[in-house]
Amino acid sequence: MERQIEQFRLFIKGAKRILITSHISPDPDAVASVLLLGTTLKANFPDKKVEMVLEEKPLKDISFLDNYSALEFKPLLQIIQELQPDLLIMVDAMNFERCSRLGGTKVREAVIGLKTKIVVIDHHEELDVEPGALYFNKKNPATSQELYEILFYELGLKKPEGYAQTTLLGIISDTARHKYDNPRHRETFKIVSELIDAGASIEHLENKIERYSTNQVQAIAALIANIQDSGRGYTYSFIDQDFTNQPMSQDNKIVVFKAATEIFSSHFARNFENNDWGFVVYPELAAGQSVYAVSFRSVTGGVNVANLAHKLGGGGHKQAAGAKIHASNVHEAIQKVQAVIHESKN
């Protein structure tokens, strides 16, 4: 770890232009991680050009975070061509495929052509890490915790304005307010205590992000109405075409589906009848027609859903993972997920 930290220190010292990014469909931990790293580097190295770029805006409104306005939202390939970074840092993601809708190949070719150094700082299961990247992953419950430890404990950098609420948001969002088992709980709660002492508030942050519209509640009701016991130890549900056709803007539907499935996956998919894991399928409108998202959840020590997601082209954690599926309708998408489940058990 010491050699990695020293290499990272040298990468930062030698770079004039630094690009920080994260995965598509960014969740609060992804955005918090980009902001925490970017604002810290700007505060400590004012002579360097530091750009914080995401391809897509987050589905939850977290614009209340300090320095949120410094984020840019544009295609990753475009900013690489414009900025020509010496150093590119991916947080909460392991490869360019997770960071760009255009696919990783073009982005990778551009980075290789510029001889840009690559750093990956993540906390998911280690699958398909970007080749040649300096890689950090202590399997913390959130990438924002990973960054907090690296930036302030290991590198000893000064903390920027707004760091406390930004870091705390990343941690509580990815742990569901410490709901999941966490092998690094001592380190997590130590940091959370520091953040609360610095003025951050779990109650305030959750009150900001845990708000739901009428459409979102209706989508949750549809998922509950469609819930199925597979008879094979898992639960599943879906959002079908009837709900998809309800009058809403495209952008609103994306937010509605994502929020509803996150709630359902966390509270029902692994807690229905005697099942301790399950999945939800819904239209992935941001990815185009005939694309469906699958969200898996399982209890700690149960089914490793990251492996299932990986077989479908996705990834994530052992207990929470997801993927995108091409299918003509939601029922075909469900069948594809079940085929992978069946193959994995044989």
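Of all the numbered requirements in (1) among the charged types (D, E, K, R); (2) touching a Leu at 6+ places or on another chain (Cβ under 7 Å); (3) in contact (Cβ under 8 Å) with a residue 60 or more places away in the chain, R101 misses one, and that requirement is (2). Of the conditions (1) modelled with pLDDT of 95 or more; (2) buried (at least 17 other Cβ atoms within 10 Å of the Cβ); (3) under 20 Å from F136 (Cβ atoms), N182 satisfies every one except a single condition; which number is it? Tallying (1) modelled with pLDDT of 95 or more; (2) buried (at least 17 other Cβ atoms within 10 Å of the Cβ); (3) under 20 Å from F136 (Cβ atoms), N182 fails exactly one: (1). Across segment 285-328, the number of residues qualifying as charged (D, E, K, R) and over 17 Å from T261 (Cα atoms) comes to 2. In segment 141-156, the count of residues that are surrounded by fewer than 15 Cβ atoms within 10 Å (Cβ to Cβ), aromatic (F, W, Y) and not in a loop (DSSP other than H, G, I, E, B) is one or more. Here segment 299-321 is the region considered, the condition is being surrounded by fewer than 23 Cβ atoms within 10 Å (Cβ to Cβ) and in a strand (DSSP E or B), and the residue that is nearest to the chain's Cα centre (by Cα) is G316.
Close contacts from segment 152-163, counting a first residue that is closer than 16 Å to F11 by Cβ and in the same structural domain as S33 (by TED's automatic domain parsing) and a second that is hydrophobic (A, V, I, L, M, F, W, C) and modelled with pLDDT of 95 or more, with Cβ to Cβ under 7 Å and a gap of 6+ residues or different chains, come to E154/I5; L155/I5; L157/L151. Could you go through segment 286-298 and let me know if any residue there is charged (D, E, K, R), assigned by TED's automatic domain parsing to the domain that holds D240 and either touching a residue at least 40 places away in the same chain (Cβ under 8 Å) or part of a loop (DSSP other than H, G, I, E, B) (or both). The answer is no, given that none of the residues of segment 286-298 is charged (D, E, K, R), assigned by TED's automatic domain parsing to the domain that holds D240 and either touching a residue at least 40 places away in the same chain (Cβ under 8 Å) or part of a loop (DSSP other than H, G, I, E, B) (or both). Pairing residues of segment 68-79 that are free of Cβ contacts under 8 Å to residues at least 60 places away in the same chain with residues that are aromatic (F, W, Y) and surrounded by 16 or more Cβ atoms within 10 Å (Cβ to Cβ), at Cβ distances under 8 Å and at least 6 apart in sequence or on separate chains, gives L76/F96.
Answer with yes or no whether V129 is within 26 Å of V303 (Cβ to Cβ) and of a type outside the set (D, E, K, R). It is true that V129 is within 26 Å of V303 (Cβ to Cβ) and of a type outside the set (D, E, K, R). Of the residues making up segment 141-188, those that are within 18 Å of the chain's Cα centre (by Cα), under 18 Å from L37 (Cβ atoms) and among the hydroxyl-bearing types (S, T, Y) are T143, S144, Y148, T166, T167, S173. For segment 186-196, state whether one or more residues are more than 22 Å from P26 (Cβ to Cβ), in contact (Cβ under 8 Å) with a residue 40 or more places away in the chain and not assigned by TED's automatic domain parsing to the domain that holds H317. Among the residues of segment 186-196, at least one is more than 22 Å from P26 (Cβ to Cβ), in contact (Cβ under 8 Å) with a residue 40 or more places away in the chain and not assigned by TED's automatic domain parsing to the domain that holds H317, which makes the answer yes. A residue that is loosely packed, with under 14 Cβ neighbours inside 10 Å, closer than 15 Å to Y234 by Cβ and not polar (S, T, N, Q) can be found somewhere in segment 271-279. For segment 322-346, the candidate set comprises residues that are assigned to a loop (DSSP other than H, G, I, E, B) and under 20 Å from P283 (Cα atoms); within that set, the residue that is nearest to the chain's Cα centre (by Cα) is A327.
Do we find that P85 is at pLDDT 95 or above and assigned to a loop (DSSP other than H, G, I, E, B) in this structure? So P85 passes the test.
The values are calculated or read from the model by the stated rules, or taken from the named source; none is laboratory data. Computed from a predicted structure; not experimentally measured. With ideal geometry, Cβ positions are generated from the backbone for all residues, glycine too; neighbour counts draw on all protein chains shown.
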